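The values are calculated or read from the model by the stated rules, or taken from the named source; none is laboratory data. Since the structure is predicted, the reported quantities are computational estimates derived from the model, not experimental observations. When we count neighbours, we look across all protein chains shown, and the Cβ atoms used for this are built from the backbone with ideal geometry, even at glycine. The area values use the complete protein model at the heavy-atom level, side chains included, leaving out ligands, DNA and RNA. Shrake-Rupley method; radii C 1.70, N 1.55, O 1.52, S 1.80 Å.
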Amino acid sequence: MKRQAASSERKRARMPSGKAGAANGFLMEVCVDSVESAINAERGGAGRIELCSGLLEGGTTPSMGILQVVKQCVQIPVFVMIRPRGGDFLYSDREVEVMKADIRLAKLYGADGLVFGALTEDGHIDKELCMSLMAICRPLPVTFHRGGGITDKNLQRILEGSGATEFHCSARSSRDSGMKFRNFSVAMGASLSSSEYSLKVTDVTQVRTLNAIAKNILV
């Protein structure tokens with residue numbers, strides 16, 4: 001079966017593979033790519049973490065090292081992104097094997113749930129692949145995703161218009177690097193990439209703001 005790329009718009013929906021509780025009547029999940037961001041997300045009131053790498057690419061599978069340390073540092077559930085690369089959601093057979101291996105490793109290292117998505121070449125959900133991946137995920141819960149975000153400018157409209165009780169955000173802001181020596185003539189990555197001396201980290205205040213908006217609407 002041929003599989004294909006996602007649109008630039010992100011859609012998220014729960015697949016029926018377990019449960020994730022929400023003490024406040026709603027669940028705010030924060031997407032993080034560092035231990036610091038995971039800690040800040042919990043401090044700000046997040047109910048769940050989506051752990052990934054490469055947020056500039058929409059999120060890819062994190063290392064098992066960061067999963068292990070994040071699990072030691074936070075009490076809230078940690079769902080792990082299963083995405084072998086950036087770009088579209090049309091995966092080759094070898095990429096699917098990578099995804100299956102990553103699911104098994106994430107379970108071994110303490111993931112509370114998994115996050116993935118796959119499409120056919122004409123943009124439909126690849127049900128056959130998703131079901132085969134879900135079978136490996138059991139008994140852990142699964143979130144289906146494909147590439148966007150929630151902000152304090154659109155959260156109220158989305159919650160009121162959709163009736164959703166779970167939402168996902170990164171809630172990040174920039175902070176300056178601790179590096180004193182800086183060589184601006186050599187950049188890490190492509191010339192259009194962000195400065196290595198400006199770090200994107202989950203912002204406790206932003207998480208609390210989104211949490212307060214949701215409580216005002218849903219509780």
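A 1.4 Å probe over all protein chains sorts L105, L51, L140 by accessible area into L105, L140, L51, starting with the largest.
Distance between the pseudo-spin-label points of V35 and Q156 (7 Å out from Cα toward the beta carbon): 3.9 nm.
Summarised in one figure, the compactness ratio Rg/Rh of the stretch 100-139, Cα atoms and Kirkwood Rh, is 1.03.
By the compact-protein rule of thumb, 2.2 N^0.38 Å, the alpha-carbon radius of gyration of the stretch 46-118 corresponds to a ratio of 1.06. Heavy-atom accessible area for R43, with the other protein chains in place and a 1.4 Å probe, reaches approximately 140 Å².
Counting only protein chain heavy atoms and rolling a 1.4 Å probe, the accessible areas of R208, R48 rank, largest first, as R208, R48.
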